[in-house]
Amino acid sequence: MNSFENSAGAETLSTISLDSLPIEVFLMICERIDADTLVKSLMYVNKQFYEIISDNYLWKKRAMRTFNDCNVAFMLTSVYNENTFNWKQFTWHTELEDSCWAEYETKTTTTVFSGAHFSEVDAVIMARDGNHCISASRDRSICLWNTTIGTNNPVVHKIDSHLGWVWDLEIYDDHHFLSCSWDSKVKLWNTDNFTQISQPIQTFSTDAAVLSITNKENFVAAGLYSPKIIAFDPREPEKRLFELLNSHTRSIIDLCLIEDYYLISLSEDKTVSIWDLRTNNTVKSMYLSKGSRFPMCASYYDNILFIGDNRDCMYWLDCSHGLFNVLETVKLVKPINDSRNYKLNCIKCTNYGSIITGGNEGIVYILTPTNPPKVIAKIVDSGSEITSIDYQNDTLVVGYVSSDVQVWKKK
């Protein structure tokens, strides 16, 4: 080959680029690139890439390679339509969660906060800024932790925040959080100005120990040890919006709001009750199972309410159109070589890619939202019974009976 031919060949090669390839070849390349790179980088290179990578069929095909042999929670609802379902977001979430948690030892950093609380930590929650978490304990204290610096000392250790065990925490907005206690009080705190000597902005008094709380703008609901739910408006703390006296016959274990319209309550009387805040009527009250099982914890994401019971089952409820029908009953992994009954204490779902559970086994399970569920990760660090979990802003925070708080942050 002469020098002229070499020069021509080099010129031809130099003009080859991704956007000059046939679409079929480009799609084959995309199949070998992780979803995060496609969504965050490649699709924004030019308009052509954006249109190709945004195609719903591409993502559906990619998802079905992984989930063609199981039931996926979000694809069982009455509003699911395979042509309009957000396949890109679903596949992106599932790949991100699997990639991170399957190799959590190298793809996350972890910090154990210990020594501040001296009794069981019953509640943990992530602050909206993603850099702080809050923990509450039976020692009556509340701690604010910095999750980014890895120090074992809390930013704030507020002792005697209540006059009884602190049972639950909730973020109210970007600058405020709520706590509730065995002292029958619900308190609203300023996160930005939270110190050892802080006083609550508002204090709501109830008729019995408060075991659970939930909220939205200008609305706070408290579930009591007595079978009662009380609702307040933080702007008028002395005034009760309503009291639900007949929804349950035993303690209210957990509360959650769905789409701001429905108040869901879980009780030791083994029932789940749904209250419509618009009509002030009970939509449905139901038993999820027979025998000694009762609903223990709940988490909501995209029309699915995931409920865990006090044993080893998880229930999927279709919340679309206000139906609240049970779609699936999912058996979870039982402890090995353990004579105790397994108790599921907490459950969290904040994206399409994972459901996170914890219980008396002391293991954090990262599961796929499928039946049967695939165990993405089984995190055994503390070994102590897990009481509470939150997962926001790529940060997982876990509270333990041992009084420790542990945080995992994605790198």
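For the residues VAL121, VAL272, VAL326, a GNM of the chain with alpha-carbon springs under 10 Å puts the largest fluctuation on VAL326.
With respect to the chain, whose longest principal axis is taken over its alpha-carbon atoms, helix 87-101 is tilted by about 80°.
Extension gain, LEU21 to LYS239: 0.36 nm times the residue separation minus the Cα-Cα distance gives 71.8 nm. The GluC sites (Glu not before Pro) of the range 230-271 that DSSP puts in a loop, and whose beta carbon has at most 15 other beta carbons within 10 Å, are GLU259.
Per-residue 3J(HN,Hα) values for the range 80-85, derived from phi via the Karplus relation 6.51 cos²θ - 1.76 cosθ + 1.60 with θ = phi - 60°, read 5, 9, 5, 7, 10, 4 Hz in sequence order (x marks Gly and Pro). Other residues within the sphere of radius under 14 Å centred on the Cβ of GLY130, judged by their own Cβ, net out at -1 (K and R +1, D and E -1). All other residues whose Cβ lies under 14 angstrom from that of SER119 are scored, Lys and Arg at +1 and Asp and Glu at -1, for a net of -4.
At a probe radius of 1.4 angstrom, the accessible area of the range 248-363 per residue rounds to 39 square angstrom. Considering only THR279, SER247, PRO237, and ranking their Cα positions along the charge dipole of the range 234-303 that arises from unit charges at the beta-carbon of Lys, Arg, Asp and Glu, the one farthest toward the positive end is SER247. Taken about its Cα centre, the range 99-177 carries a charge dipole of about 180 debye when Lys and Arg each add +1 at the Cβ and Asp and Glu each add -1 at the Cβ. So what's the angle, to the nearest 10 degrees on a 0 to 90 scale, between helix 56-67 and the longest Cα principal axis of the chain? So the helix axis and the longest Cα principal axis differ by about 70 degrees. Given a Förster radius of 41 Å and the C-beta distance between GLN48 and ASN71 as r, what FRET efficiency does 1/(1 + (r/R0)^6) yield to the nearest 0.05? E(calc), rounded to 0.05, equals 0.65.
According to the Cα-based calculation, Rg over Rh for the range 300-411 is 0.96, with Rh computed by the Kirkwood formula. Applying 0.36 nm per residue to the separation of ASN86 and ILE201 and subtracting their alpha-carbon distance, the gain on full extension is 37.3 nm. Determine the share of the chain's accessible area contributed by carbon and sulfur atoms, expressed in whole percent, with a 1.4 angstrom probe. Heavy-atom surface of the chain belonging to carbon and sulfur, 1.4 Å probe: 48 percent.
Work the Kirkwood hydrodynamic radius out for the chain: mean of 1/r over every pair of different alpha-carbon atoms, inverted, in Å. It works out to 23.1 Å. Across all Cα pairs in the range 165-296, the calculated P(r) in 10 Å bins from zero up to the longest distance comes to 13, 44, 32, 9, 1 percent per bin. Give a quick list of trypsin sites (Lys or Arg not before Pro) in the range 319-389 that DSSP marks as loop, anything other than H, G, I, E or B, with at most 10 other Cβ atoms within 10 Å. Filter output for the range 319-389: ARG340. Sorting ARG293, ARG235 by accessible area puts them as ARG235, ARG293; the probe is 1.4 Å, largest comes first, and only protein heavy atoms count. Cβ-Cβ distance of SER289 and ILE33, R₀ of 35 Å, FRET efficiency by 1/(1 + (r/R0)^6): the value works out to about 0.20.
The values are calculated or read from the model by the stated rules, or taken from the named source; none is laboratory data. Fair warning: this is a prediction, and the values are worked out from it, not measured in the lab. Backbone-built Cβ (ideal geometry, glycine too); neighbour counts: all protein chains shown. Heads up: the accessible areas ignore ligands, DNA and RNA and are worked out on the full protein's heavy atoms, side chains in. Shrake-Rupley method; radii C 1.70, N 1.55, O 1.52, S 1.80 Å.
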